[in-house]
Structures are given as structure tokens and as C-alpha cells.
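The values are calculated or read from the model by the stated rules, or taken from the named source; none is laboratory data. These figures come from a predicted structure and were not determined experimentally. Cβ placement follows ideal geometry from the backbone for every residue including glycine, while neighbour counts extend to all protein chains displayed. Ligands, DNA and RNA are excluded from the accessible area calculation, which covers all protein heavy atoms including side chains. Shrake-Rupley method; radii C 1.70, N 1.55, O 1.52, S 1.80 Å.
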Amino acid sequence: MAGHTPPETMKAQVLEQFNQPYVLQSVPLPQLASDFDLLIKVDAARANNNGINRNGGFSEYAVVDARQVALLPEEISPVDAAPLMCAGITIFGALKRCKLERGQRVGIVGAGGGLGHLGLQFASAMGLRTVGVDAADASLQLAMNLKTDAQIVDARTEKAELIVQRVGEEDGESESANMGLDAVIILPEGQSGFDYGMKLLKNHGICVVVSFPEAGFHVSARDLVFRDITVTGSLVSSNKTLHEMLDFAAKHNVKAVSKTFPLDNLNGLVEEYNKAAGGKLVVDMSL
């Protein structure tokens, strides 16, 4: 931390017991334990920024792996960057896995969620003809409020077969095998969302799975054998892709719909998170 002398202690939200509220405490600064450790001052942290094998980011300082950091473009504030560093890179990586060119069609199932609404913005900026699917009023409204050129579909009232027929007519296709989307990205954990996405695909399409429900998904062998559908997974992407995503987001003004909370009101953020109202929740250290 060149030019900055950190204090000996810091404020941090500590989870003392599972399923109990966070407790704001004054704790010692984390120590560097390897050659790749880097001490950073935290300006913003996203919801779910808990630690797994080390302390998380709900604190004034944190130790990170220097090999995985990236400089923010000037156009992106710390609060806007926080959701991009997980949701943003995840959905951006999933879109790259689709291997589509401008003008091709992609569907995002779960389009009004934290990853999905960023995906709508990325996909539109990539020049992809996008169908956003959701099944909750608040999420659908959030997706529509983005004012991208994506078609927003309510899966509760619009059958996938009708969407396929509509895009087929738009593309001037008469053969049913050639009607539909080139790729879909599956974000929800429910089987119904997976099935809906698979029905949207044209033959030889690709289904990119991001969610990982405990029971897994049932995949129809007919889709794999007779329709030649490819099913693949996508996790968080590489540091190289992280840099690419940040530059792309800065250039195209891709931002998460977010609500901010001060560090001392982290439990308020948790309450809001449990409402599942869509968008992203961020701890803003300046508040």
C-alpha cells in the first residue's frame, strides 16, 4: 500500500455463529502470509463477499491474491465495480462461452436477477439479439427498466414454443429445426427454468449452465441425440477476462442496479438480500 500507512486495527463485520447477525468489531489488520498476498483498503464490497478459506471483505482492509487483482477504469466507481467483480465476470464469461457473433440470438433465463440484468446489458452491447426470461414480477420489471433492446419474456404466461415460432418468423425460417435461439444461459436453479431454456434453442444450439442445484438438472437424451444440443458449464472466468470485462463495461456503461448500505448496517443488507427483489446489494465504505 504505497503512500498509505494502514492503522493497526480496523472495523470489520464478524459472523460469530452460523445463521446469526453480524457483529461490528475492531480487529487487528490481516497479516500477509505468502509472496502473492496484497493488503488493500476496501472501498466497496458486494453482498456474499464472505470469506471461505480466509476472511471476507466486510472490513476496512483485506488481504487478496495479487495475481487476481485488476485496476479499475476511471469510468467505474468502486460501488459500481463491486457487483462486476463477481456477477459481472461470471455472466460475461458465460456469454463468451456461447461463442456467438454479432446478430446471433441468445437467451438469458433469470434475466432480472443479479447476473441476468448485467447479462442483458453485456449481450446487447455485444450486438446479440437477446431474449430475457424471468418468472417474477419484480425481476421482470427490473429487466424491462434497463431499456436494452432485449425481448423480455414472462415464462409464466408465454410458452417457449411461441417464442421460437416468433423468432423463426423474424428470421424468415420455415424449417422448425432452424427456428429458435443459437444459445441460452441458465441462471436459475429450478428444473423448469432449465427446460424452458432448452426449448428455446434451435437444433445445434448451445446451453450454458451457470447455476448448480444440489440435485442437478435432468437433461433429455433426445435433445442431445436428435437435436444435437450442446450443454456446457461456466464458472467465474480468468483474470484476463476480468480485465476485458471491466474495459467493456466502462466503454458501454454497463452497471448493476444496486442499493448501497454502510458497513455498520450489514445486517440491513442481509434482510434486503432475503427479499430477493433483484439487482445487487453493495456495502459502500464511504457511507
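Note on the range 15-171: Cα-only Rg and Dmax are 19.8, 63 Å. Ranked by solvent-accessible area (1.4 Å probe, protein heavy atoms only, all chains present), the residues Leu200, Leu15 order from largest to smallest as Leu15, Leu200. What the Cα convex hull of the chain gives, in volume per residue, is 143 Å³. Of the residues Arg129, Arg227, Arg102, Arg67, the one with the largest accessible area comes first in the ranking Arg102, Arg67, Arg129, Arg227, computed with a 1.4 Å probe on protein heavy atoms. Once the Cα atoms are used to define both axes, helix 191-200 deviates from the longest principal axis of the chain by about 50 degrees. For Met285, the residues whose modelled amide H falls within less than 5 Å of its own, excluding neighbours fewer than 5 places apart on the same chain, are Ala44, Ala45.
For the chain, adding -39500 (n - 2.57) for each run of n ≥ 4 DSSP H residues and dividing by the number of residues yields -8500 deg cm²/dmol at 222 nm. Working ranking of peptides 157-167, 82-92, 111-121 by packing, defined as the average number of other Cβ atoms within 10 Å per residue, highest first, is 111-121, 82-92, 157-167.
Surface composition of the chain: carbon and sulfur atoms hold 51% of the protein heavy-atom accessible area at a 1.4 Å probe. The ellipsoid that matches the Cα gyration tensor of the range 210-287 has semi-axes, each √(5λ) in whole angstrom, of 35, 21, 11, with the longest given first. Taking every C-alpha pair closer than 8 Å and separated by at least 6 residues, the mean separation divided by the residue count of the range 1-106 gives a relative contact order of 21 percent.
The Cα center of the range 29-98 and the Cα center of the range 111-179 differ in position by 30 Å. In the frame of its principal axes, the range 111-265 has Cα extents of 55, 35, 34 Å, reported largest first.
Positive-end ranking of Phe212, Leu224, Leu281 along the dipole of the range 132-287, with charges on Cβ about the Cα centre, is headed by Leu281.
Once you have a ≥ b ≥ c as the square roots of the Cα gyration tensor eigenvalues for the range 148-227, tell me rounded if a/c is under 1.5, and otherwise prolate or oblate according to whether a/b is larger than b/c. Since a/c reaches 1.5 but b/c is at least a/b, the shape of the range 148-227 is classed as oblate.
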